[in-house]
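Inspection log for the structure reproduced underneath, given as structure tokens.
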Amino acid sequence: MTSLSRYHALYESIRSRQVRPPVYKGLDKFVGRALMKLRMRGITRSWLAAQAQQTDQLAPALRSASQAELRARVDEMRAAFVRATQTEDQIRQGLAVVREVARRETGEEAYVVQLMGAMALYHGRIIEMATGEGKTLTGSIAATLIAWKRKHLHVLTVNDYLAARDAESRAAIYRFCGLSVGAIVQEIDERDRAGVYARSIVYGTPKQITADWLRDQIRLGRVNTAWSGRHQLSLATDPRNPINGPMIPGLSAALVDEADAVLIDEGVVPLIIARSRRQDDMAEVYLQAARIAAKLDEGPDYTIHHLQRRAELKRRGVVRAEQMWSELPSPIWKAARRAEELIRQALIGRHCYIRGKQYEIVEGKVVIVDEYTGRFLPDRSWEHGLHQAVEAKEGLEVTADRETLARMSFQRFFRTYPFLAGMTGTAADATGEMESVYQRPVIVIPTHRPVIRIHRPLRMFRTAESKWLAIVDEVAAANQRGQPVLVGTRSIAASELMSRLLTDKGLQHRILNANFDKEEATLIAAAGQGGNEKAAIRAAITVATNMAGRGTDIKPDRNALDAGGLLVILTEMHGAKRIDRQFMGRAGRQGDPGAAQVFVSLQDELLTRHAPAAGWALGLGAEQSQEAGRLTRAAFRWAQRNSEARDRRSREGVLRQDDWMEKFLPGS
């Protein structure tokens, strides 16, 4: 990288770090949302439909153009966007040209509804497109125009696999349009990342890009102008220093795939860059705390608040714990307040963090499981000693404490981009938060063909055991008629329980959870296979956590379509309605037949944690009836709303903490 380009990267990076997006509170939140809607009121669904139809009318002339003529049109359009002088007519022409490039380079021709989506993305909207409607193609068309105009674009998605896949599959389109593309994945060495970030379009996960941004801020320290930062660049001439200034040349534009997962779900926990304190002597202290916590009695000694993941020591518990820790030699036990905190953390790790739900043990280490996607987060750890408390509970080697070097919430990070757009299958359910936090309107794009998916009635059971057995029977019946089934579970533990029950029934199946994430593409590709008795082919049965092929389509084959298409069974309702919708949307894609059904029990965690009174009242009722079914749906939806509200408050708390740190710890 030349000295001039390093200086430009430094200038852009410092300019981006000085952006302070406002945090609206109280009435200001509603006023800000109203002003945003007023400011962006011109882009409506009917307007987008009209623009897309006009764009579609340009297709015949472009199809007859030679390769050289098309390349000349690309150069002409690109020049207009680079100069930022494009008119609405040129935007339509730009869309049409890139659509034709995509058709020639990939064989995929965008439908009119995809052109609507691309136009909305270009204008900075969050769009909802149903599963299977072609968000990847839609996004790549919009990404080209955005990158022409904004110079650099980050395309954010939920995992490294999708980032690498999409960067590779879209590369031919971008190259033809004069753009470079790359993907930031875990395996790329730090010294090579700056070269990838220098490209026009960069695919990556929020975790990867936010972490690299924070590392840049740590490296730059308190530098606040490019001029004063020239000393930083002079260090880059030292061959012992492999990093030539900041890795990321500023934040210009972001296009977020699976926007609900990235912008909403991942907003619960901030990203933290930390380093070990090298206090290995604390390992024994955490083990001692775990042993003391195991000897205390829930109820008389302490209370666990599962929703808040908080432990409260009672007087008897404090006295009993004190008697046990007073015999320990470590000086840390002499400080009563710190000692009580250690016991509380040990109790939280023991009761609120469950193997197979919040974490798994992989190669002798505690690995966090993302509760929304079901994926492993191998390079993350809980802070304030919680990770060590869980390790001690499991009897594993306790890692050293870590101190925070930098932190940032994903809300704060994405609000720093001058331009933000996104797409997902379920944005409408999070419209309020998208509009108030990110100041981005949500537009629902119609489907290319009518959705004919059948939503079967909710089935409710008193006990979890009876529910699981009924699910097995339903899977067996579908398998008998040759219909492929996708069984959705909320956790790794639940997916493995379902697998054992199917095995006991003699039903062959495949399991997709974080333990088998490397096989995801293969499993999803085979999940739509229908049965054929004459050919002795069994219909596919796939058991999956929430990770089930986000960003990939399950395509039913001919046998499956003849048997009614893919059947999606949810083994319980999730904490947010849109996650249920995301999972059920795997069936009946692009006008195909399909069906979805939800099974619940009065012992499900959603009900017992978020609406226990409703569950108790339902338990008093008699056997299933139409009225009982209506009340059950209402109770579970109420529980979902409580869960959604709790998560929303948690995200608001993270955002407020970021705002507080900006005000009072400006160097953080």
- [ ] Evaluate the stretch 119-135: report whether one residue or more is touching a residue at least 40 places away in the same chain (Cβ under 8 Å), hydroxyl-bearing (Ser, Thr, Tyr) and touching a strand residue (DSSP E or B) at 6+ places or on another chain (Cβ under 8 Å).
- [x] yes
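Per-residue answers, yes or no, for (1) over 24 Å from the mean Cα position of the chain (by Cα); (2) under 19 Å from residue 542 (Cα atoms):
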residue: 564; (1), (2): yes, yes
residue: 584; (1), (2): no, yes
residue: 587; (1), (2): no, yes
residue: 599; (1), (2): yes, yes
residue: 613; (1), (2): yes, no
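Each row is one residue, and each column tells you yes or no for (1) under 13 Å from residue 310 (Cβ atoms); (2) out of contact with any Leu (no Cβ under 8 Å at 6 or more places or on another chain).
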{"residue": "339", "(1), (2)": "no, yes"}
{"residue": "342", "(1), (2)": "no, yes"}
{"residue": "345", "(1), (2)": "yes, no"}
{"residue": "351", "(1), (2)": "yes, yes"}
{"residue": "356", "(1), (2)": "no, yes"}
{"residue": "359", "(1), (2)": "no, yes"}
{"residue": "362", "(1), (2)": "no, yes"}
{"residue": "367", "(1), (2)": "no, no"}
{"residue": "370", "(1), (2)": "no, no"}
TODO: Scan the stretch 131-150 residue by residue and report those that are surrounded by fewer than 22 Cβ atoms within 10 Å (Cβ to Cβ) and touching a Ser or Thr at 6+ places or on another chain (Cβ under 6 Å).
DONE: 150
Task: The listed residue being out of contact with any helix residue (DSSP H, G or I) (no Cβ under 8 Å at 6 or more places or on another chain) and over 18 Å from residue 97 (Cα atoms), out of 167, 198 - done: 167
- [ ] Inspect the stretch 142-154 for any residue being under 20 Å from residue 448 (Cα atoms) and either among the β-branched types (Val, Ile, Thr) or in contact (Cβ under 8 Å) with a residue 60 or more places away in the chain (or both) and give the result as yes or no.
- [x] yes
- [ ] Quickly run through the stretch 428-446 and pick out the residues that are closer than 23 Å to residue 48 by Cβ, buried (at least 18 other Cβ atoms within 10 Å of the Cβ) and β-branched (Val, Ile, Thr).
- [x] 442, 443, 445
Open item on the list: Would you confirm, using the coordinates I've provided, whether residue 54 is assigned to a loop (DSSP other than H, G, I, E, B) and either under 17 Å from residue 121 (Cβ atoms) or at pLDDT 95 or above (or both)?
Closed with: no
TODO: Kindly indicate the residue of the stretch 96-114 that is more than 23 Å from the chain's Cα centre (by Cα) and under 21 Å from residue 42 (Cα atoms) and also surrounded by the fewest Cβ atoms within 10 Å (Cβ to Cβ) among those meeting that condition.
DONE: 112
TODO: Confirm whether residue 161 is at pLDDT 90 or above, under 21 Å from the mean Cα position of the chain (by Cα) and of a type in the set (Ser, Thr, Tyr).
DONE: no
Open item on the list: Please go through the stretch 404-456 and give me each residue that is part of a loop (DSSP other than H, G, I, E, B), basic (Lys, Arg) and in contact with a strand residue (DSSP E or B) (Cβ under 8 Å, 6 or more places away or on another chain), ordered by number.
Closed with: 440, 453, 456
TODO: Among the numbered conditions (1) among the basic types (Lys, Arg); (2) touching a strand residue (DSSP E or B) at 6+ places or on another chain (Cβ under 8 Å); (3) within 23 Å of residue 494 (Cβ to Cβ), tell me where residue 344 comes up short.
DONE: (3)
Open item on the list: Name the single residue that is nearest to residue 158 (Cα to Cα) among those in the stretch 176-198 being at pLDDT 95 or above and in a loop (DSSP other than H, G, I, E, B).
Closed with: 180
Open item on the list: Whether any residue in the stretch 115-129 is part of a helix (DSSP H, G or I) and either in contact with a His (Cβ under 9 Å, 6 or more places away or on another chain) or surrounded by fewer than 22 Cβ atoms within 10 Å (Cβ to Cβ) (or both) is what I want to check.
Closed with: no
- [ ] Among the numbered conditions (1) buried (at least 24 other Cβ atoms within 10 Å of the Cβ); (2) modelled with pLDDT under 85, tell me where residue 270 comes up short.
- [x] (1)
- [ ] Would you mind stating whether residue 350 is surrounded by 12 or more Cβ atoms within 10 Å (Cβ to Cβ), within 29 Å of the chain's Cα centre (by Cα) and not β-branched (Val, Ile, Thr)?
- [x] yes
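For every residue, the table says whether it meets (1) under 21 Å from residue 463 (Cβ atoms); (2) assigned by TED's automatic domain parsing to the domain that holds residue 477.
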residue	(1), (2)
569	yes, yes
572	yes, yes
576	no, yes
581	no, yes
585	no, yes
588	no, yes
591	no, yes
595	no, yes
608	yes, no
- [ ] Pick out, from the stretch 537-614, the helices (runs of 4 or more DSSP H) lying fully within it that include 2 or more residues that are surrounded by fewer than 24 Cβ atoms within 10 Å (Cβ to Cβ) and of a type in the set (Lys, Arg).
- [x] 577-584
- [ ] Report, ordered by the first and then the second residue, all pairs with beta carbons closer than 7 Å, sequence separation of six or more or different chains, a first member in the stretch 387-400 that is assigned to a helix (DSSP H, G or I), and a second member that is basic (Lys, Arg).
- [x] 393/350
TODO: Could you please find all residues in the stretch 447-460 being surrounded by 20 or more Cβ atoms within 10 Å (Cβ to Cβ) and among the hydrophobic types (A, V, I, L, M, F, W, C)?
DONE: 460
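The values are calculated or read from the model by the stated rules, or taken from the named source; none is laboratory data. Owing to the predicted nature of the structure, the values given are computational and were not obtained by experimental measurement. Don't worry about glycine lacking a Cβ; one is built from the backbone with ideal geometry, like all the others, and counts go over all protein chains shown.
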